[in-house]
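Asker: Take a look at this one; I'll ask things after.
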Amino acid sequence: DNPQLTLRGAEIPEEKDQPWSVVVTRSGKLPPDAHLLCDEHRERTLVLKGDMTFVDILRRLSEQKITCILLEGGGDLLGQAFAAKTVDECFWYIAPRIIGGGTMAVGGPDFVPDACSVELMDVWHETIGDNILVHGYPVWD
């Protein structure tokens with residue numbers, strides 16, 4: 001996976017700022033030819049290294065005046081985001097792949113305490129190629 005993490009396409013106004021690309025990595029090992037380290041927007045890439053919690057990450061981003069994020073991450077990081085109840089909108093892509101082992105898609109020891117699931121409201125879905133997008137807003141009591 002070598003994501004670009006940029007706004008692109010004819011419908012994006014030229015004056016629109018590119019969002020920050022933030023990579024969280026425990027090891028700090030990233031391919032030197034990664035798009036986000038080599039493209040014309042590399043000055044808007046922030047690499048956070050080390051074993052950080054989601055709250056630590058938010059704190060670091062707030063120091064950079066980054067206050068809105070799109071989180072694409074592993075199960076533990078997503079689980080921490082849900083546990084902190086900081087998720088206000090969810091775009092869930094389902095691909096026709098069965099993946100076994102490792103961490104579940106959203107989980108880890110910090111997943112929402114006393115909850116096996118988080119309900120979504122105002123749900124809609126869309127087929128995109130062979131994927132399904134499910135969109136909704138978490139219900140936080």
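Asker: Need one value: the accessible area of LEU77 in square angstrom, 1.4 angstrom probe, rounded to the nearest 10.
Answerer: Number for this one is 30 Å².
Asker: Another question about this same structure. Which of the lysines could a cross-linker bridge to LYS85, judged by Cα under 29 Å and excluding same-chain residues fewer than eight apart?
Answerer: Of all the lysines, those that pass the test against LYS85 - Cα under 29 Å, at least 8 places apart if same chain - are LYS49, LYS65.
Asker: Also: Which value in nm describes the separation of the simple spin-label points at ILE66 and VAL47, placed 7 Å from the Cα toward the beta carbon?
Answerer: The answer from the label model is 1.4 nm.
Asker: Another question, then. Could you look at the stretch 51-141 and say what percent of its accessible area is carbon and sulfur, using a 1.4 Å probe and all protein chains? Working shown, then result.
Answerer: Working: 3600 of 6590 Å².
The nonpolar share, carbon plus sulfur, comes to 55 percent.
Asker: Contact order normalised by length for the chain, with contacts defined as Cα pairs under 8 Å and 6 or more residues apart; what percent is it?
Answerer: Working: 166 pairs, mean separation 26.3, N = 141.
19 percent.
Asker: Under 18 Å from a point 7 Å along the Cα-to-Cβ line of CYS116: which residues of the stretch 85-107 have their amide N that close?
Answerer: Answer for the stretch 85-107: 104-107.
Asker: To the nearest 10 square angstrom, what accessible area does LYS85 show with a 1.4 Å probe?
Answerer: LYS85 exposes around 110 Å² with every protein chain in place.
Asker: Say each of HIS35 and ILE94 gets a label point 7 Å from the Cα, pointing the same way as Cα to Cβ; how far apart are those two points in nm?
Answerer: Computed distance between label sites HIS35 and ILE94 equals 2.6 nm.
Asker: Moving to a separate point now. What are the ³J(HN,Hα) couplings of the stretch 84-92, residue after residue, when phi is run through the Karplus curve with 6.51, -1.76, 1.60 and θ = phi - 60°? Round to Hz, x for glycine and proline.
Answerer: Values per residue, Gly and Pro as x: 7, 6, 9, 7, 10, 8, 10, 10, 10 Hz.
Asker: Under the rule of at least 5 residues apart or a separate chain, name every residue whose amide H is placed under 5 Å from the amide H of VAL23.
Answerer: LEU46, VAL47, LEU48
Asker: How do PHE54, PHE111 stack up against each other in accessible area, from largest to smallest, with a 1.4 angstrom probe?
Answerer: PHE111, PHE54
Asker: Using only DSSP helix segments of four residues or longer, with each worth -39500 (n - 2.57), what per-residue ellipticity at 222 nm results for the chain after dividing by its residue count and rounding to 500?
Answerer: Working: 3 runs with 23 residues, N = 141.
Only helices count here, giving -4500 deg cm²/dmol.
Asker: Next question. Write down the accessible area per residue of the stretch 29-141 in Å², having rolled a 1.4 Å probe over the full set of protein chains.
Answerer: Numbers: 8120 Å² over 113 residues.
Heavy-atom accessible area per residue stands at 72 Å².
The values are calculated or read from the model by the stated rules, or taken from the named source; none is laboratory data. Computed from a predicted model, the values in this text were never measured in an experiment. A quick note on method: Cβ atoms are made from the backbone with ideal geometry, for glycine too, and the neighbour counts reach across all protein chains shown. For accessibility, only protein heavy atoms count, side chains too; no ligands or nucleic acids. Shrake-Rupley method; radii C 1.70, N 1.55, O 1.52, S 1.80 Å.
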